[in-house]
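**Student:** This is the structure I have questions about; it appears just below.
Computed from the coordinates by the stated procedures, all read-outs in this text should not be read as laboratory data. Since the model is a prediction, treat every value here as computed from it, not as a measurement. All Cβ positions, even for glycine, are placed from backbone atoms using ideal geometry, and neighbour counts span all protein chains on display.
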């Protein structure tokens, strides 16, 4: 199932991907200083933030000075974009006539951020994704289905153009429904596709239940998963790989940032940071002090070196991860162990216990009696936190529900140290979104 790659065939850009660490660090610092100077000169948003903090580009003299640069939040973009000229306001760094492409964030965590790109920016976007696709093993003999809707969101377009760039044949399936996409995959002999982890499982379900086809016999050789953290969670990855009889590769991108991390064919239990194009820092959630040690969780702060229309410098992604050991693939890019562990704004206290929703997904995916869809609901009842897991049963389950609940309760208690109210639902009860799924709903606020 895995594409065998050797020597320079393993890398999209052998020079950048195998730079010795000291040379890579010097390269990154040079690019960091360049984008800082550009933003200070061209961006009202960044100039105001830096002036308020007493920071000037000339203060960057050595690597440790990077931590002196203020961290930028999503709210800073939203405030800047509320000003004239609409729709980018103070965040735009180029004349409006230089903007050739518009995208926006999904808005799943609130008001979307508008993302302008020049032609140069968009070429850069495609290149960041090309690094990932090549590392997954995509090649010019692949026929790739892009099932996302081709709308204002970034993923479909980036995946499409990067696939073309490395020579793949692209089948755009955005306007088709799920059944039509699967039938088109079979008709054309599609070898790979891209999806969120949730939609990859949804497609397999539709393949079996609606079309009477076995997804394992579709001949899919690899799946790129993005948009949700699931593809780096072992039990979720395993479930997708088993149902499609293929390899699943994780890729991480963000509309404000770019395609900044990816899993290689060696699958090192983590993600390579695309350090040719990004500076990725781990910082302490409370103090924002840099974290360099292995296996210490921290918040991810990212700088995109080559995004000029709307720079992204020391952007607080709210994502959590930790540094891991180097990969044996020969890339010198650092590894984020176990990929993205969750988001700071999703990690909350329930009954005094710190809770990460990803831990529940891991339990659900490792329980064969359960289906693929679930939701977590937190409410306050009589001043006490109550957490409910609503989860679908797998089809044709013969085990009594009480036994499934006992097994599930034990696993959830071990993983989260919490007791859950459990609702076992019939298959196909919960909705099946095609893009990001919001499964954690906290109604206490």
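**Student:** Return one number: the angle in degrees, 0 to 90 and rounded to the nearest 10, between the long axis of the Cα atoms of helix 178-188 and the longest principal axis of the Cα atoms of the chain.
**Tutor:** With both axes taken from Cα atoms, the answer is about 80 degrees.
**Student:** What fraction of the DSSP beta bridges in the chain is antiparallel, stated in percent and rounded to the nearest 5?
**Tutor:** Here the share of antiparallel DSSP bridges comes out near 60 percent.
**Student:** Assuming 0.36 nm per residue, please report the length gained on full extension of the stretch residue 61 to residue 187 beyond their Cα-Cα distance.
**Tutor:** 39.5 nm
**Student:** Angle check, please: helix 401-416 long axis (alpha carbons) against the longest principal axis of the chain (alpha carbons), in degrees 0 to 90, nearest 10.
**Tutor:** It works out to around 30 degrees.
**Student:** Calculate the length of the line joining the C-alpha centroid of the stretch 315-379 to that of the stretch 414-445, in whole Å.
**Tutor:** Value for the Cα centre distance between the two parts: 15 Å.
**Student:** Ok, one more. As a test of understanding, state the convex hull volume per residue of the stretch 78-182 from its alpha carbons, in Å³.
**Tutor:** In the stretch 78-182, the Cα convex hull volume per residue is 123 Å³.
**Student:** I would also like to ask the following. For residue 238 and residue 443 in the same chain, what is the full-extension length gain: residue separation times 0.36 nm, less their Cα-Cα distance, in nm?
**Tutor:** Working it through step by step, the gained length comes to 70.6 nm.
**Student:** Given the -39500 (n - 2.57) contribution per DSSP H run of 4+ residues, what per-residue ellipticity at 222 nm results for the chain, rounded to the nearest 500 deg cm²/dmol?
**Tutor:** Value at 222 nm, helices only, nearest 500: -9500 deg cm²/dmol.
**Student:** Compute the relative contact order of the stretch 202-336 as a whole-number percentage, counting only Cα pairs closer than 8 Å that sit 6 or more residues apart in sequence.
**Tutor:** Normalised by residue count, the contact order of the stretch 202-336 is 17 percent.
**Student:** Select from 232, 398, 366 the residue whose mean-square fluctuation is largest in a Gaussian network model of the chain (Cα-Cα springs shorter than 10 Å).
**Tutor:** Of 232, 398, 366, the most mobile in the Gaussian network model is 398.
**Student:** So, one more: Run the numbers for residue 68 and residue 287: contour at 0.36 nm per residue of separation, minus the present Cα-Cα distance, in nm.
**Tutor:** 77.5 nm
**Student:** So how tilted is helix 155-166 from the main axis of the chain? Cα-based, degrees 0 to 90, rounded to 10.
**Tutor:** Around 70 degrees separate the two axes.
**Student:** If you don't mind, there's one more thing I want to ask. What is the order of 66, 236, 347, fewest Cβ neighbours within 10 Å to most?
**Tutor:** Ordered by Cβ neighbours within 10 Å, fewest first: 347, 66, 236.
**Student:** Given points 7 Å out from each Cα along the Cα-Cβ axis, report the residue 53 to residue 347 separation in nanometres with one decimal.
**Tutor:** Result for the modelled spin labels: 2.1 nm.
**Student:** Okay, moving on. Could you list the square roots of 5 times each eigenvalue of the Cα gyration tensor of the chain, that is, the equivalent ellipsoid semi-axes, sorted largest first and rounded to whole Å? Don't jump to the answer; show the numbers that get you there.
**Tutor:** Values: eigenvalues 251, 150, 91 Å².
Each semi-axis is √(5λ); the values are 35, 27, 21 Å.
**Student:** Output the Cα-based Rg and Dmax of the stretch 1-111 in Å, rounding Rg to one decimal and Dmax to a whole number.
**Tutor:** For the stretch 1-111, the Cα-based Rg and Dmax read 18.7, 54 Å.
**Student:** Of 172, 95, 368, which has the largest mean-square fluctuation in a 10 Å C-alpha GNM of the chain?
**Tutor:** 95
**Student:** Debye calculation, C-alpha points only, no solvent: report log10 I(q)/I(0) for the stretch 124-256 at q = 0.10, 0.14 Å⁻¹, in the same order as the q values.
**Tutor:** For the stretch 124-256 at q = 0.10, 0.14 Å⁻¹, log10 I(q)/I(0) is -0.27, -0.55.
**Student:** For the chain, set up a GNM with springs between Cα atoms under 10 Å and report which of 301, 391, 378 has the largest fluctuation.
**Tutor:** 378
**Student:** For the stretch 395-410 and the stretch 24-103, what is the centre-to-centre distance using only Cα atoms, to the nearest Å?
**Tutor:** 53 Å
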